[in-house]
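Data block below; observations after.
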Amino acid sequence: MPSVIGGCNQGKSIRNVEVFMNNKWVEIQSLNIPRASLTSISILDTVWTISGINEEYLHSIEKYKENQWILLSISLPFLCAAVGLICIGEGL
């Protein structure tokens, strides 16, 4: 289903996540870290969100599974925002 993850409101990165269900936008659990210019991908039953900007560039990774966002202990080896992300096969 269509979703809006993070973004920017009045110049500040936000944590909000909204999903379009039953012909309306419904807010679900927020990200752990506010992010603008992030990248997300859905693989099977998990949504992955990486990088972005929150006053500074980020390299952290969060995943959404079983109705919760989990901040992973691993991160990208570099700071970045607005990068491309694809799935090859069944993994990330």
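Values quoted throughout were computed directly from the atomic coordinates according to the rules given, and no laboratory measurement underlies them. Quick caveat: nothing in here was measured; it's all calculated off a predicted structure. Every residue, glycine among them, receives a Cβ derived from its backbone with ideal geometry; neighbour counts consider all protein chains shown.
Backbone phi angles across the range 32-39, fed through the Karplus curve with coefficients 6.51, -1.76 and 1.60 (θ = phi - 60°), yield HN-Hα couplings of 6, 10, x, 9, 10, 6, 7, 10 Hz in residue order; Gly and Pro are listed as x. The range 1-21 to the range 36-92: how many Å between their Cα centroids? Going from one Cα centre to the other spans 14 Å.
Projected onto planes of every orientation and averaged, the convex hull of the alpha-carbon atoms in the chain covers 6.4 nm². Exposed loop sites were defined as GluC sites (Glu not before Pro) in DSSP loop states (anything but H, G, I, E or B) carrying at most 11 other C-beta atoms within 10 Å; in the chain the longest segment without such a site runs 1-54. In sequence order, the range 59-76 has phi-based couplings of 10, 6, 10, 10, 10, 10, 8, 6, 6, 8, 8, 10, 7, 6, 7, 9, 8, 5 Hz under the Karplus curve 6.51 cos²θ - 1.76 cosθ + 1.60, θ = phi - 60°, and Gly or Pro positions carry x.
The mean sequence separation of alpha-carbon pairs under 8 Å and at least six residues apart, normalised by the residue count of the range 3-80, gives a relative contact order of 22 percent.
Taking the fewest neighbouring Cβ atoms within 10 Å as the starting point, the ordered list for 37, 75, 51 is 75, 37, 51.
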